[in-house]
Amino acid sequence: MNLTISPDGIELPPGSEVILRHQSWADYEGLLSSRRDRAAVKVYFGVKKQEIRLMAPLPGHSNRSATLTDLVKALLRHQNQDWHAFDPLTLKRVSQTGVEPDACFYIQNRLAILGKERIDLEIDPPPDLALEVDLTSFTQPADYEAIAIPELWIYRSQGLRIYIFDSEHYQESEVSGIFPDIAVKQLIPRYVELAWSQGSSSALRAFEVELAFEVELA
């Protein structure tokens, strides 16, 4: 495995993960500058461990991430909710934490960030929902505590884990706070894997049909 860091960019083979220890916030900002605005390599920083984690996604990760994002959009349309989505987005608390969810959604707070090219968490609210797909690495909910996103979804090993922020820590939940009346833990994995095996559009159409069918039965 070869990691190359230069002023022109960061190169890491797909499916690889590298952890750089004894790193500072300045080191983290330097890596972000080297990468520029290209997100082929995701970069995380945690001040507690003084580690920078770099991860280069595989195609399976990208497909599942895109499908998960599309399914959330379908759920929001189903509930007639407006949203503003980012894919991906670097979220930072200066000198504390830097994370890059695969996708995130502003729902309740969407009006506060419309039209902004950069999200500054010193003045802007965090997203209402963040999505992470773990295929070659493992997301720790604690990494997000300084960011204080109300709800975090981690898709791993064909299962969905839902974490709700209680103002200090993330607590795993069986129910989504955003979609409390929908069994997302059961539905989402089925359609994420269906998209991988049978195609993204087919899975999304089938998911929307199931949501509509639930409305007719209600």
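The values are calculated or read from the model by the stated rules, or taken from the named source; none is laboratory data. Computed from a predicted model, the values in this text were never measured in an experiment. Here Cβ is always computed from backbone atoms with ideal geometry, including for glycine, and neighbour counts include all displayed protein chains. Just the protein is used for accessible areas: all its heavy atoms, side chains included, with ligands, DNA and RNA removed. Shrake-Rupley method; radii C 1.70, N 1.55, O 1.52, S 1.80 Å.
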- State, as an integer percentage, the relative contact order of segment 28-166 based on alpha-carbon contacts under 8 Å between residues 6 or more apart. 19 percent
- Message: Over segment 36-78, with the other protein chains present, what is the accessible area per residue in square angstrom, probe 1.4 angstrom?
- Response: 43 Å²
- Message: Looking at the chain as a GNM with Cα springs under 10 Å, which of 96, 23, 140 has the largest mean-square fluctuation?
- Response: 140
- Task: Would you kindly calculate the mean projected area, averaged across all directions, of the convex hull enclosing the Cα atoms of the chain, in square nanometres?
- Result: 12.5 nm²
- How about segment 147-188: which GluC sites (Glu not before Pro) there are in a DSSP loop, with at most 12 other Cβ atoms within 10 Å of their Cβ? 168, 174
- Considering only DSSP states other than H, G, I, E and B, which GluC sites (Glu not before Pro) in segment 98-146 qualify as loop sites with at most 13 other Cβ atoms within 10 Å? 117, 122
- Note on the structure: Expected unfolding gain across residue 62-residue 80 under the 0.36 nm per residue rule, minus the alpha-carbon gap, is 3.8 nm
- Task: Please work out the average accessible area per residue across segment 82-136, using the 1.4 Å probe convention, and give it in Å².
- Result: 46 Å²
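Between residue 29 and residue 123, what length comes free when the chain is fully extended (0.36 nm per residue of separation minus the Cα-Cα distance, one decimal in nm)?
Roughly 31.9 nm would be gained on extension.
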- Query: Residue by residue through segment 66-81, which ³J(HN,Hα) values in whole Hz follow from phi under the Karplus form 6.51 cos²θ - 1.76 cosθ + 1.60 (θ = phi - 60°), with glycine and proline marked x?
  - Reply: 5, 5, 4, 4, 5, 5, 5, 4, 5, 5, 5, 4, 4, 9, 6, 9
- Query: What is the Cα coordinate range of segment 136-218 on the first, second and third principal axes, sorted by size from largest, in whole angstrom?
  - Reply: 39, 35, 17
- Note on the structure: HN-Hα couplings for segment 135-145 via Karplus (6.51, -1.76, 1.60; θ = phi - 60°), in whole Hz with x for Gly/Pro, come out as 10, 10, 9, 10, 7, 9, x, 4, 4, 9, 4
- Extending each Cα 7 Å along its Cβ direction at residue 142 and residue 173, get the distance between those two points in nm, one decimal. 2.2 nm
- Query: Using a 1.4 angstrom probe with every protein chain in place, what is the largest-first accessible-area order of 200, 34?
  - Reply: 200, 34
- Note on the structure: Expected unfolding gain across residue 109-residue 87 under the 0.36 nm per residue rule, minus the alpha-carbon gap, is 6.2 nm
- In the chain, what percent of the accessible surface is made up of carbon and sulfur (1.4 Å probe, ligands and nucleic acids excluded)? 49 percent
- Message: With the cut-off at 1.5 for a/c, could you classify segment 44-155 from its C-alpha gyration tensor as rounded, prolate or oblate?
- Response: oblate
- Task: Using just the helices of the chain, give the 222 nm mean residue ellipticity in deg cm²/dmol: DSSP H runs with n ≥ 4 each add -39,500 (n - 2.57), and the total is spread over all residues, rounded to 500.
- Result: -9500 deg cm²/dmol
- Message: Can you list residues from other chains, or at least 5 along the same chain, whose modelled amide H is less than 5 Å from the amide H of residue 103?
- Response: 131
- Message: With the crude spin-label approximation of a point 7 Å out along Cα→Cβ, what separation in nm comes out for residue 95 versus residue 11?
- Response: 3.7 nm
